[in-house]
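The values are calculated or read from the model by the stated rules, or taken from the named source; none is laboratory data. This structure is a prediction, so every number in the text was calculated from the model and none was measured. A quick note on method: Cβ atoms are made from the backbone with ideal geometry, for glycine too, and the neighbour counts reach across all protein chains shown. Only protein heavy atoms, including side chains, enter the accessible area calculation; ligands, DNA and RNA are left aside. Shrake-Rupley method; radii C 1.70, N 1.55, O 1.52, S 1.80 Å.
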Amino acid sequence: MSTTIESAEPRSAKSSRVLENPPNARRTMEALRELGYDSYSSILDILDNCIDAHAAKIDIEIGEQKGDIVITIHDDGTGMDEETLSEALRLGSDTEREAGDLGKFGMGLVTASIGLSQSVEVLTKEVDGPALCGGFDLEQIAAENRFVKWIGPATKEHAASFPRPKGTRVRLSKTDRISNRNATTFANTLRPRVGQVFRKFLKSGVTITVNGKPVDPIDPLMLSDPKTRLVLDTEIAVDGKGSAILRVVDLPDFGAAGNKAAGIIPQNSGFYVVRNNREIIDAHTFDFYKKHPDFSHFRAELSFDGLLDAHFHTDVKKMSIHPSQSFLDKLRQATQGLITESGRQGRARANVDKGQIDHSTAEANITRRAPLIPKPKALIERRTPRGQKGTHPSGDGHKVRTPHITNLKTVSGLKVAFNEGDYGEQSPFYLVKPEGRTITVTYNREHPFWREFLEHASDPKVVAILDYLVFAMANSELLVPEQASVVKANVNATLVGLLV
């Protein structure tokens, strides 16, 4: 039954009324389950409530019960009274929030929970207050098509299972959307995620365990390592409303195997965005560069507080931001030179690690097949008969001439050599130089295409194929020198356009 609400708002017609317009409960909950939470992010969002409740100790238990994976999150925070518990179980709670809170819209407990499970049960207790229990079940909401929940005093059994003088316990069951139904594997994957996201709280004294094992803080900037270089520590103004803190580091080099073991890999390179001391985005590039092994040692941390949410457009899941273009321009200006330098050092390391690539397969095969390399058609040059100056107008001075360079590439004694050098990112991918009967092709190791090629240089077939292709282009340049610069410029522009 619709309820008429008196309103002072102007109406388009005298007979119009303002009516309650509640959403369809079943369809709304179905839609909210598709917000994009993964199984781990759902738990991280629930942990935000624990931190906001000033918990010093948080225990996460993940186990199997009768075929269901049950997740329990128990903290020693302030706990809740009945009114606060009721709001916490409401979609879009109306509880007061401070600028430093990790929660944002008051939807965390509900939206995060249903992204993982169908049934949510909360047991909570304030100091000297009664133990209270509440929760909701998606199957019941769907059956009644109403936003229903239950709240009341905890049973003796529930109260007895809550040994702490205060705090809250959230129990998630019917976890139909959990990504890994092996409880041990799920817990082992969750533990480092928690350690990285809440690293600043862990360092400040908060204790978190997962299945009884303590969570250690994980700093992607590796600032505790004395070999890590802090290359920038500054503030960037945010649309005149405050500032964000930017720190950029150059990670140490432990060698190929050591870097991989330490997680210094392309996937982990980028900006780590922290809101109110809680990481919300990891290894983001803002499209400032392409993830590549050259940039593995570049890491940055961008920190801001909740007062700037409106300017960063932090999403409801606290998993993405959309800052203004002016802020991105400032961020790019502050970091682009450091990113470029990190890439240069990365290329240098890669070239040292790889050493000179073996091009012997192509060199031997091209030399052996030299007589089969086609020579160009003879060029006809209009010449002036002897004794007459100027160009002959009638064309009877035609004479067949063969470019001198043709013999160089068709004689059986042809040799080819492939070398490598450093000529800068803007220089062509390769240079070609004829020296007697030898054609030397020198690759530019600082070209973007070379960086891609290095990842596959351990395969001799891949190396030989590239050598054949480049030799064919180099040979064409020598055969038709007047077009060489155009061909090389087009090839280089195409490669750069595809890779940068």
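A few notes on this one:
- Failed condition for D305, given (1) farther than 21 Å from G36 by Cβ; (2) open to solvent by less than 20 Å² (accessible area, probe 1.4 Å); (3) at pLDDT below 95: (2)
- Residues being touching a residue at least 12 places away in the same chain (Cβ under 8 Å), in a loop (DSSP other than H, G, I, E, B) and at negative phi - total across region 300-342: 9
- Only listed residue being farther than 23 Å from K174 by Cβ and not hydroxyl-bearing (S, T, Y), chosen from I60, I51: I51
- Filtered residues of region 239-254 (kept if surrounded by 17 or more Cβ atoms within 10 Å (Cβ to Cβ) and within 16 Å of H311 (Cα to Cα)): A244
- Unmet criterion (only one of (1) farther than 25 Å from N268 by Cα; (2) open to solvent by 30 Å² or more (accessible area, probe 1.4 Å); (3) not in a helix (DSSP H, G or I)) for G135: (2)
- All conditions but one from (1) assigned to a loop (DSSP other than H, G, I, E, B); (2) touching a helix residue (DSSP H, G or I) at 6+ places or on another chain (Cβ under 8 Å); (3) open to solvent by 50 Å² or more (accessible area, probe 1.4 Å); (4) under 23 Å from L44 (Cα atoms) apply to R193; the one that does not is (1).
- Condition check for D68: of a type outside the set (K, R) and modelled with pLDDT under 85: no
- Meets criteria (under 18 Å from T335 (Cβ atoms), buried (at least 21 other Cβ atoms within 10 Å of the Cβ), touching a Gly at 6+ places or on another chain (Cβ under 7 Å) and among the hydrophobic types (A, V, I, L, M, F, W, C)) for F312: no
- Condition check for N444: under 34 Å from the mean Cα position of the chain (by Cα), of a type in the set (S, T, N, Q) and modelled with pLDDT under 85: no
- Matching residues, region 158-173, being open to solvent by less than 80 Å² (accessible area, probe 1.4 Å) and not hydrophobic (A, V, I, L, M, F, W, C): H158, S161, R164, K166, G167, T168, R169, R171, S173
- Test: G355 is closer than 30 Å to I264 by Cβ and either of a type in the set (S, T, Y) or at pLDDT 70 or above (or both): no
- Residue count for region 288-299 under the criterion of being open to solvent by less than 30 Å² (accessible area, probe 1.4 Å) and without any contact (Cβ under 8 Å) to a residue 60 or more places away in the chain: the result is 6.
- Candidate set from region 33-65 (those that are hydrophobic (A, V, I, L, M, F, W, C) and open to solvent by 30 Å² or more (accessible area, probe 1.4 Å)); member that is modelled with the highest pLDDT: A56
- Evaluation of A237 against the conditions (1) under 30 Å from I69 (Cα atoms); (2) of a type outside the set (V, I, T); (3) touching a Lys or Arg at 6+ places or on another chain (Cβ under 9 Å) shows that the sole unmet condition is (1).
- For region 144-157, the criterion of a residue being open to solvent by 40 Å² or more (accessible area, probe 1.4 Å), under 14 Å from I73 (Cβ atoms), more than 24 Å from the chain's Cα centre (by Cα) and modelled with pLDDT of 95 or more is satisfied by no position.
- Filtered residues of region 160-173 (kept if outside any strand (DSSP E or B) and either within 34 Å of the chain's Cα centre (by Cα) or within 18 Å of T84 (Cβ to Cβ) (or both)): F162, R164, P165, K166
- Filter result for D225 (outside any strand (DSSP E or B) and open to solvent by less than 60 Å² (accessible area, probe 1.4 Å)): yes
- Hits in region 255-277 (condition: in a loop (DSSP other than H, G, I, E, B) and open to solvent by 80 Å² or more (accessible area, probe 1.4 Å)): N277
- Residues that are in contact with a Gly (Cβ under 7 Å, 6 or more places away or on another chain) and more than 15 Å from E121 (Cα to Cα) were ranked within region 72-93; the one that is surrounded by the most Cβ atoms within 10 Å (Cβ to Cβ) is G77.
- Selected residue [in contact with a Pro (Cβ under 6 Å, 6 or more places away or on another chain) and either closer than 25 Å to T124 by Cα or at pLDDT 95 or above (or both)] from K174, K203, K213: K203
- Among the residues of region 414-439, the ones that are under 11 Å from H359 (Cβ atoms) and either among the acidic types (D, E) or surrounded by fewer than 20 Cβ atoms within 10 Å (Cβ to Cβ) (or both) come to 3 in all.
- Looking across region 447-469 at every residue that is part of a loop (DSSP other than H, G, I, E, B) and surrounded by 15 or more Cβ atoms within 10 Å (Cβ to Cβ), the one that is nearest to the chain's Cα centre (by Cα) is identified as H447.
- Selected residue [open to solvent by less than 80 Å² (accessible area, probe 1.4 Å), touching a residue at least 24 places away in the same chain (Cβ under 8 Å) and over 25 Å from T314 (Cα atoms)] from N188, N180: N180
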